[in-house]
Amino acid sequence: MKAEQLKGHLDSLILGTLGAGPAHGYAVIEELKRRSAGAFDLAEGTVYPVLHRLEAEGLLASTWTEASGRRRRVYRLTRRGRAALDGGRREWRAFAHAVDAVLA
Amino acid sequence: MSYASELRNELARAGIRGAQAQRIVTEFEDHLACDPEARLGAPRELAARFASELRVVRTRRATVGAFVALALCGVVFLVTVATHSRSGGSPWSALAAIACAQIALVAGLLALMRGLRARSAGDLRLAQRRGMVAILAGAGVAVGLTGAGAYTGLVALPGLVLAARVLRRARAITPDGEARGLEADLPLPRVTLTLLGASVTGVVLLQGVVGEKSVQEGLLRAGVEGVGLALGVLLLGSPLALRTSRRR
């Protein structure tokens, strides 16, 4: 699936990935690939700007940790982020239901 | 040149510097350490994408911050006007403070209106420019009050300086573009502006007539206010987009 098709859904997908627990950028991208069985073929660098924006909007928070002697930024959902994720899930279900109804 | 150095250069070119640029580079270095074959993308495109993702939220924050700093300035202005003795200081400074207060109020409100709804680069730049005009006018209030012998005006300056810095950060990552005119902020912009101008002039007239018990004084003040408003629209019409859309 191309990045253009994911436009508008990427925020929810990233929030959904972090819904399972805190993770750093690489882990978020890997989890996106794993959960979508490789369907979301994103240029990996494109996820980081979205992570930064979601944090600036207060939907994510992040902290530095150490891993294998390297500094690593770990992201987690904030309360507002969790509410946005719930909203995103509801919207997606309604949208998918409507598309299904038309295409079926 | 290494990928990290190239990315850092491109981030700087896109207006992202300092701690944020360092953080991005560190995150990408960590990513490459996890997967040396990772497809992170061209540094220039990545830097542009970071700027694009961040400019809306930075502008929104900057215009709200500017408005808060101006609100503090407004409180200082009103308290000073209500409590300061008229003796001492230059009357021209007082007049400048009054004119700047009106410019700051209008520009600050317009900046907030556009800043909260803007998405395109042109609209974001306009919100930033309006915010900067408002902050400069706010500084004019502080300086004018000081010139009029009321040093309370200086209290507002640190907040204005901070707000200007935040606005500059937002501006650094926003390219030029086409902005919509005043019609994007106000319904019936010309009618609204005319009514607003007439109301303010009317209030000044009343204040002169009632406060000074002199029709002549009231008319003089209303005339000065009217000319000031017309000059303000003439001089600031373009930077504040009080008229039509244009290339900025």
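A short reminder: the numbers here are calculations on the coordinates, not readings from a lab. Keep in mind it's a predicted model, so treat the numbers as computed, not measured. Glycine gets a Cβ as well: all are built from the backbone with ideal geometry, and neighbour counts include every protein chain shown.
Brief remarks on what is shown
- Most fluctuating residue given options B:201, B:63, B:192, as computed from a GNM of chain B linking Cα atoms under 10 Å: B:192
- Under the Karplus curve 6.51 cos²θ - 1.76 cosθ + 1.60, θ = phi - 60°, whole-Hz ³J(HN,Hα) for region B:216-233, x wherever Gly or Pro sits: 4, 5, x, 5, 4, 5, 5, x, 4, 4, x, 5, x, 5, 4, 4, x, 5
- Crossing angle, helix B:43-83 versus chain B [Cα axis fit, 0-90 degrees, rounded to tens]: 20 degrees
- Gyration tensor (alpha-carbon) shape descriptor, region B:1-98, a/c threshold 1.5: prolate
- Nearest 10 degrees, 0 to 90: helix A:25-35 Cα axis against chain A principal axis: 30 degrees
- Shielding by partners for peptide A:47-54, expressed as the average number of C-beta atoms from other protein chains within 10 Å of each residue's C-beta, is 6.
- Less than 5 angstrom separates the built amide H of residue B:181 from those of B:245, all sequence-distant by 5 or more or on a different chain.
- Evaluated at q = 0.10, 0.12, 0.13, 0.14 Å⁻¹, the base-10 log of the normalised Debye intensity for the protein assembly as shown, with identical point scatterers placed on the Cα atoms, takes the values -0.75, -0.94, -1.03, -1.13.
- CD proxy at 222 nm, helix term only [per DSSP H run n ≥ 4: -39500 (n - 2.57); per residue of chain B; nearest 500]: -25000 deg cm²/dmol
- Fluctuation leader among B:21, B:163, B:121 - chain B, Gaussian network, Cα springs under 10 angstrom: B:21
- Folded to 0 to 90 degrees: helix B:157-172 orientation relative to chain B principal axis, Cα: 40 degrees
- GNM top mover of B:179, B:139, B:230 - chain B, alpha-carbon springs below 10 Å: B:230
- Rounded to the nearest 20, the Cβ-based charge dipole of region B:111-248 about its Cα centre (Lys and Arg +1, Asp and Glu -1) stands at 740 debye.
- Helical contribution to [θ] at 222 nm, DSSP H n ≥ 4, -39,500 (n - 2.57), averaged over chain A, rounded to 500: -18000 deg cm²/dmol
- The value of relative contact order for region B:180-248, using C-alpha pairs under 8 Å at least six residues apart, is 40 percent.
- Evaluating kT/(6 pi eta Rh) at 25 °C and 0.890 mPa s, with the Kirkwood radius of region A:3-103 over Cα pairs in the Stokes-Einstein relation, gives 171 µm² s⁻¹.
- Each 10 Å bin from 0 upward holds the following percent of the Cα-Cα pairs of chain B: 7, 25, 28, 19, 11, 6, 3, 1, 0.
- Shape metrics for region B:173-225, restricted to C-alpha atoms - Rg then Dmax, Å: 17.4, 54
- Loop-resident sites, region B:27-87, for trypsin sites (Lys or Arg not before Pro), counting at most 12 other Cβ within 10 Å (DSSP): B:39, B:86
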